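Notes follow once the structure below has been shown.
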Amino acid sequence: MRGTGAARLSPPVAIALASTTALAVVLALAPSVPHSRDGIDSTNFALAIDRYDPAEHQPHPPGYPIHVAFGRVIASAYRAVGDMGAEVATAVASLRLWSLFCGLLAAFGIRHVALALGASSRGAWLSTVMLASCPLYLVTVVRPLSDAPGLLFVLAAQLAVLSAGNAVRGEVAPQAGRWPWQLMLGALLSGLAVGVRVQTALLTIPLLLVAMLSWPAWRRPRVALSAVLAVAVGVSLWATPMLLVVGIDEYWRLVNVVAVDDLQGVEMLATQPTPRVLLTAVVNTFIEPWRWGWLAAIAACLSLRGAVLLALREPRHAGLLAVIAGPYLAFHLVFQETASIRYALPIVATQVVLMAAGASRSRIGLALACLVVAGGSVTSAMAADAYWRGASPVAQALGDLEAQSGSALEPPALAFHHAVVRAARGSAWPGPQLAAPVRYEWLEVAEYFAKGGTRPVWFLANRRRTDLALFDARSRRLLHSYQWPEAVAPLLGGIQPRHVLWHEIRDPGWMLARGWSLTPETHGVSRRDGHTPGGLGTTGWIRRRASAAVMMIGGRNLGGPCDTGARVEVAIDGGVVAEWTAGPHVAFLQTVPLAAGTLVGPGSYAALRVTARDAAGTTRLVDVAIESFDLQSAGAMVGLGAGWHVPEADVRTGQQWRWMDERGVLHVEGFGRDVELTLRGRVPPGPSSGAARVEVRAGEAVLGTFAPTADFEWTGRISAAALAAADGQVSLDSSRWFIPDERRGNGDRRRLSLQVFDVVSWPSPQGLSTRVP
């Protein structure tokens, strides 16, 4: 039951006081508010401040018109004060201030919602304090996104509905002449809230329906009709101008496109109903918002205790909380990408009400609540400070590029992965800027060089992507890596891009175009396009040179759709330079010497093409994947021969690897010089005791042994004489291996020993290096 506590302020006075306080904080922080965008969504919103066009993702559909409208008002005030720099920077700062203002009011709003749900004054204030100390809350309210404004509109609508008398508190019916204006206000705010965030409907409409159904039968139709009209008015206030700008047909098309995109390439329970995805969703919803497991555990215990106490002592209020949070929670767990931690903010708002109910009635509960507030406040302060003082990976990279390009006579060409360029939209560049078509960004760079481009290319890469493996490793140089500070990174889950790599690509010795399977990503693109050796062909370019060269090309005949041998041909400038037969389900690595003059011709690059056909001469289809490629005229080269499995990669980090069988063969080319070889990888834990023992041999010569127990890095030197005697073959033999099916029952009967991330070779003394995979 509601406690007496201190006297409550009247709603108008409380709102005025809270708004004044929030405005004072916002004005105090305005001069120092960060101006840099923090990801794709914030860039979309910022660009919409000056030109509203959801078709161009300004902002992304469904449009968020109210959020953008308030951002425009603040941006106009910003610009009226003086020159605030670039338009995008001013827009980002304006949206941050709007979000912060709404977030501060939301902290006060949760107190009034808790009071309307029967909390004591102490419990209501405890709800406010615990929400304010939640790390997710404090970081989210300073982001230039719609989450904090959406939460404020939701709480305002809920409070209006909860204040509508008998509709929620079980009071006797009002007199016949009394009009439920509070219910109508809640309905109007519910309609407006959808213009801030569409998901808010799940947090307001169910409560509104319960409120309408709770009225006496003789008044219910009129109240329900009035509430529906109020929602419609709220929706029309933002939908009408938006549709006039976008067009009804175009808007409907955009919404359908976004709905389809949201179900593709996103890990959610609706499309992947597995225990692992469910567990991930629960962790992202109830643990990650509190940053630390112990903090989340205390929060969970307090909220569970509060739920039980409410269900036993105040079942009506417990039911209302279920109506408020239940539909959104179900939708969030099943249909939303829970990796975007900020989507859990409305759930946190309900959780703190339950936590206060579980804490305010016992000393132990209050002590635990104080621990949550203390631990959460310290964590929140550190995370918010790291976010406030830092900059997004894209903003950091653009700043460094601008600084470096100022000293160049001709600024390099600039290229991006698609996620990076979306977050960088609105930024000017003095040099050439290449297009970034989804999944084909590398191809734009390759065609730039193939068509005579001479400037180096600065490529801002998404760490999760692996397509830059299609360029000669000697031509690629990693200049810098950018990521969010560790103090705040976990609270920005789902933000894109999270990690940006600045590569320089200069005069590549070779570039691969379509049809290659050097990484799982490029393999998938090749399959999707039909550009495989057995389909439309595999293509690339090799830099012209007068000297001789050696080509290493490897892959496997996958055997489908027909289990037949494949005749593989490699052609340069239309002339066949190598051909061989690969049996079904057989891997291959071919070393092809190219005589001096082979690569001489017009233009800067020779055309490379790899094709495959049925070895028996029929029209049967063959399925060949080219998984490795290198071509050099000097230095050192290494290729993966027998005993190596298909390329694999972690889609979250872009880390690539190859599994080795109990024995793996490397082909090393040193061009007549001694070679140093480095292996970097990992030995997975196994049931047997002791470390695996790996022996490295070149023919009969033992080059070295090592005994890795987990992550390892081994470097050894191979003499030119030993390489020549072994015909370039270096073998790795591991004493320990396992079969995945025997551990996990997944049907994988491969024998796996070493998970190898890199094999790097260079001539000794140290020179130019080549690495695989």
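For the chain, taking the reciprocal of the average inverse distance between every pair of different Cα atoms yields a Kirkwood hydrodynamic radius of 29.8 Å.
Count Lys and Arg as plus one, Asp and Glu as minus one, and take only other residues whose Cβ is under 15 Å from that of ALA395; the net charge is then +3.
Panel order for VAL438, VAL26, VAL550, by other beta carbons found within 10 Å of each beta carbon, from fewest to most: VAL438, VAL550, VAL26. Packing, as the average of other Cβ atoms within 10 Å across residues, places the peptides 311-319, 632-640, 332-340, 367-375 in the order 632-640, 332-340, 367-375, 311-319, highest first. Computed over the chain, relative contact order equals 9 percent, with contacts defined as Cα pairs under 8 Å that lie 6+ residues apart. Using the alpha-carbon atoms, what tilt in degrees (0 to 90, nearest 10) does helix 201-213 show relative to the longest principal axis of the chain? For helix 201-213, the angle is close to 30 degrees.
Placing a pseudo-label 7 Å from each Cα along the Cα-to-Cβ vector at ALA691 and VAL198 gives an inter-label distance of 5.5 nm. As a proxy for reagent exposure, ranking TRP181, TRP644 by other Cβ atoms within 10 Å from fewest up yields TRP181, TRP644. Among 526-533, 572-579, the peptide with the highest mean count of other Cβ atoms within 10 Å heads the list, and the full ranking is 526-533, 572-579.
Between 0 and 90 degrees, rounded to the nearest ten: what's the tilt of helix 121-133 against the longest Cα principal axis of the chain? Compared with the principal axis, the helix lies near 20 degrees. Prolate is the label for region 393-505, because a/c, from the alpha-carbon gyration tensor with a ≥ b ≥ c as root eigenvalues, is 1.5 or above and a/b exceeds b/c. Gain on full extension, evaluated as 0.36 nm per residue between ASP53 and ARG477 minus their Cα-Cα distance, stands at 148.9 nm. Each label was represented as a point 7 Å from its Cα along the Cα-to-Cβ direction; for THR709 and VAL308 these points are 4.4 nm apart. Counting neighbouring beta carbons within 10 Å and listing from fewest to most, the residues MET184, MET551, MET382 come out as MET382, MET184, MET551.
Spin-label pair ALA77-GLU486: with each label point 7 Å from Cα along the Cα-Cβ axis, the two points sit 4.0 nm from one another.
Which FRET efficiency value, to the nearest 0.05, do you get for HIS585 and ARG663 by plugging their Cβ-Cβ distance into 1/(1 + (r/R0)^6) with R0 = 22 Å?
Efficiency computed from Cβ-Cβ geometry: 0.75.
In this structure, GLU402 and ALA300 have a Cβ-Cβ separation that, at R0 = 45 Å, corresponds to a calculated FRET efficiency of about 0.45. Taking the C-alpha atoms only, the angle from helix 147-162 to the longest principal axis of the chain is near 30 degrees. Extension gain for VAL257-LEU237 works out to 4.7 nm (0.36 nm per residue, less the C-alpha to C-alpha distance). Taken about its Cα centre, region 393-505 carries a charge dipole of roughly 260 debye when the Cβ of each Lys and Arg holds +1 and the Cβ of each Asp and Glu holds -1. Each of GLY639, TRP762, VAL694 was placed along the dipole of region 634-773 (beta-carbon charges, centred on the mean Cα), and the one lying farthest toward the positive end is VAL694.
Computed from the C-beta positions of ALA634 and ILE15, the FRET efficiency with R₀ = 51 Å rounds to 0.10.
Our note on the geometry: Cα centres of region 698-715 and region 425-492, 35 Å apart. Candidates ILE495, ALA424, VAL233 compared by Cα position along the dipole of the chain: farthest toward the positive end lies VAL233, with charges placed on Cβ. Taking all Cα pairs closer than 8 Å and separated by 6 or more residues, the relative contact order of region 634-773 comes to 35 percent.
Based on C-alpha pairs under 8 angstrom that are at least 6 apart in sequence, region 449-561 has a relative contact order of 27 percent.
Bear in mind that the values in this text are calculations on the coordinates, not laboratory data. Nothing here was measured: the structure is a model prediction, and the numbers come from that model. When we count neighbours, we look across all protein chains shown, and the Cβ atoms used for this are built from the backbone with ideal geometry, even at glycine.
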